[in-house]
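For reference, the structure discussed in these notes is given below.
The values are calculated or read from the model by the stated rules, or taken from the named source; none is laboratory data. Please read all numbers here as calculations on a predicted model, not as lab measurements. Cβ placement follows ideal geometry from the backbone for every residue including glycine, while neighbour counts extend to all protein chains displayed.
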Amino acid sequence: MRKDIVILGGGPAGLLTAATAKKNFPDKSVLLIRKEEVGMVPCGIPYIFSTIGNVEGDILGLDNFKKLGVEFLFEEVLDVDFSSKKVKTASGKEIEYDKLVLALGSKPIIPRIEGIDLEGIFPVSKYKDDLEKIFSYLKESKKVVIVGGGFIGVEVGDEIRKQGKDVTIVEALDHLLPTAFDPEFGELLEKNLAEKGVKIFTNRKVTKFVGSGKVEKVVLEDGGELEADIALISIGYRPNVDLVKDKGIRIGEGGGIWVDEYMRTSIPDVFAVGDCAEHRCFFTRRPSKLMLASIATFEARIAGTNLYGLKVFRRNKGTLGIFSTSIEGLTLATAGMIEKVVKEEGFEYIVGEATGIDRHPGTIPDKSQVKVKLIFSKVSLHLLGGQIAGGKSVGEMINILAMALQTGATANDLFTLQIGTHPLLTAPPTAYPIISAAENALMKVKC
């Protein structure tokens, strides 16, 4: 069998690469190979536990991709031969390709902790069968301990709490969401969750799982013990490069497949996208461990467009961390670098801050308080990062900052930003929080 474009992996990165390739090169055959017939929407996984209420509600459908002409093969790939440009599957099929895209995804990091193999301990996986096991085990569990206070751990914990479970989150660093937000924003989240009954332990590491056949207790490094009927591990993911790491392809410093600005690997006619690819920081060009569906799909559009000939204006200039999360009444969002990272990288900077509301007048029923923190280069006043807390409007406000970062906007640009407003939809034009935070930074410069 021969196909023009073969894509290994069928998560968001692989699927969107396939769609983009088919749109740009309609005469080329596109085959996507993955082991699982049914895939999940990764960002929706936490919500299967309450908001959606079942695993099936988070399935990522394939009909739209098939309508474009993308072909699918649901088999495990056992080998890739870059020299002969062939892929071999578990059933013995050999598929020859012209262009190959590696969209192999990532694997949960499993810590080396005593007792990790006890029954009732699960990594938060992205696969349907694994999620169904967790979903089923939770039905008979009351006390839930989540190891890891990043986005997945926090969102899963909050959703399980809605089932009436006793939820505890353990985070090794000093606040929740420690790599994405500065402490004052993490503390807002901790207060929100604590008010809802979630127990939070920060600056604590898990040293042991204890139980007779199945987990019964989680032991912390200070000797504290937490009762547990189930423990979920969510301390991050690592690039899945097992299939190709010994095939002569270049692996980057962070463990992902090295790629250039057009998502090309070190092997001719082979591209890599998503979690398996090496990401580099937008500002410093150092390796970045960010793994987001938004990053994966951004890279997929670049790779799918550049498979046959480079299009200069569609290239990866570096990875911007753009996150958001919503925990019943509180939305947090961030783009670019947080203050802690700016300090560590040695930038001279100033901070602009503002608070306000996201409706006008303030008597509008669904208004929310909004807090904005912007970080600018002290000399050039270019935006380096921003964080916003508030209601659901924050989920779109952060994209203003994302665009500002990508276009090199300054504090002056944001202060003079022309915006559209409406009483039922936005903050007031007289006190738009992003503009007010930029003004606050400019006032500090004048002083």
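Remarks
- Scanning the range 82-108 for residues that are part of a loop (DSSP other than H, G, I, E, B) and among the aliphatic types (A, V, I, L, M) turns up A90, A103, L104.
- If you check L131, L78 for being surrounded by 14 or more Cβ atoms within 10 Å (Cβ to Cβ) and among the hydrophobic types (A, V, I, L, M, F, W, C), only one passes: L131.
- Test for F323: is it in a strand (DSSP E or B), buried (at least 23 other Cβ atoms within 10 Å of the Cβ) and either without any contact (Cβ under 8 Å) to a residue 12 or more places away in the chain or at negative phi (or both): no
- Within the range 250-264, the set of residues being surrounded by 15 or more Cβ atoms within 10 Å (Cβ to Cβ) and farther than 27 Å from Y127 by Cα comprises E261, Y262, R264.
- Here F209, F185, F181 are screened, and the one residue that is closer than 27 Å to K126 by Cβ and part of a helix (DSSP H, G or I) is F185.
- Filtered residues of the range 123-166 (kept if touching a Gly at 6+ places or on another chain (Cβ under 9 Å), over 11 Å from F49 (Cβ atoms) and assigned to a loop (DSSP other than H, G, I, E, B)): K126, Y127, S141, K142, G148, G149, G150
- The condition (being more than 28 Å from P423 (Cα to Cα), of a type in the set (G, A, S) and touching an Asp or Glu at 6+ places or on another chain (Cβ under 8 Å)) is satisfied by just one residue among S368, S377: S377.
- Residue list for the range 214-250, filter: of a type in the set (S, T, N, Q) and out of contact with any Ser or Thr (no Cβ under 8 Å at 6 or more places or on another chain): S234
- When D269, D275 are screened for being surrounded by fewer than 20 Cβ atoms within 10 Å (Cβ to Cβ), acidic (D, E) and in contact with a Phe, Trp or Tyr (Cβ under 9 Å, 6 or more places away or on another chain), only D269 passes.
- Tally, over the range 124-161, of residues that are touching a residue at least 12 places away in the same chain (Cβ under 8 Å), among the hydroxyl-bearing types (S, T, Y) and over 17 Å from P42 (Cβ atoms): 2
- A residue that is surrounded by 17 or more Cβ atoms within 10 Å (Cβ to Cβ), within 21 Å of S84 (Cα to Cα) and at pLDDT 95 or above cannot be found anywhere in the range 221-228.
- Long-range neighbours under 7 Å by Cβ, at least six apart or interchain, first residue on the phi < 0 side of the Ramachandran plot within the range 203-232, second among the polar types (S, T, N, Q): V219/T207; L220/T207; E221/T207; L226/T168; D229/S141; I230/S141
- Test: residue in the range 287-298 that is at pLDDT 85 or above, surrounded by fewer than 18 Cβ atoms within 10 Å (Cβ to Cβ), in a strand (DSSP E or B) and not assigned by TED's automatic domain parsing to the domain that holds F82: no
- Single match in D366, D413 (criterion: closer than 19 Å to P429 by Cα, assigned by TED's automatic domain parsing to the domain that holds G329, assigned to a loop (DSSP other than H, G, I, E, B) and over 26 Å from the mean Cα position of the chain (by Cα)): D366
- Test: residue in the range 345-360 that is crowded, with 18+ Cβ neighbours inside 10 Å, in a loop (DSSP other than H, G, I, E, B), acidic (D, E) and in contact (Cβ under 8 Å) with a residue 40 or more places away in the chain: yes
- Enumeration of residues in the range 432-447 that are outside any helix (DSSP H, G or I) and exposed (fewer than 14 other Cβ atoms within 10 Å of the Cβ): C447
- Restricting attention to the range 369-387 and to residues that are in a strand (DSSP E or B) and among the polar types (S, T, N, Q), the residue that is surrounded by the fewest Cβ atoms within 10 Å (Cβ to Cβ) turns out to be Q369.
- Filter result (surrounded by fewer than 22 Cβ atoms within 10 Å (Cβ to Cβ), charged (D, E, K, R) and either in contact with a Gly (Cβ under 9 Å, 6 or more places away or on another chain) or in a loop (DSSP other than H, G, I, E, B) (or both)) within the range 4-34: K22, K23, D27, K28
- Members of the range 246-262 that are in a loop (DSSP other than H, G, I, E, B) and within 21 Å of I109 (Cα to Cα): D246, G252, E253, G254, G255, G256, W258
- Selection of the range 81-94 for residues being surrounded by fewer than 20 Cβ atoms within 10 Å (Cβ to Cβ) and either hydrophobic (A, V, I, L, M, F, W, C) or touching a Pro at 6+ places or on another chain (Cβ under 8 Å) (or both) yields F82, A90.
- For the range 63-81, the candidate set comprises residues that are part of a loop (DSSP other than H, G, I, E, B) and out of contact with any Leu (no Cβ under 8 Å at 6 or more places or on another chain); within that set, the residue that is farthest from V38 (Cα to Cα) is G69.
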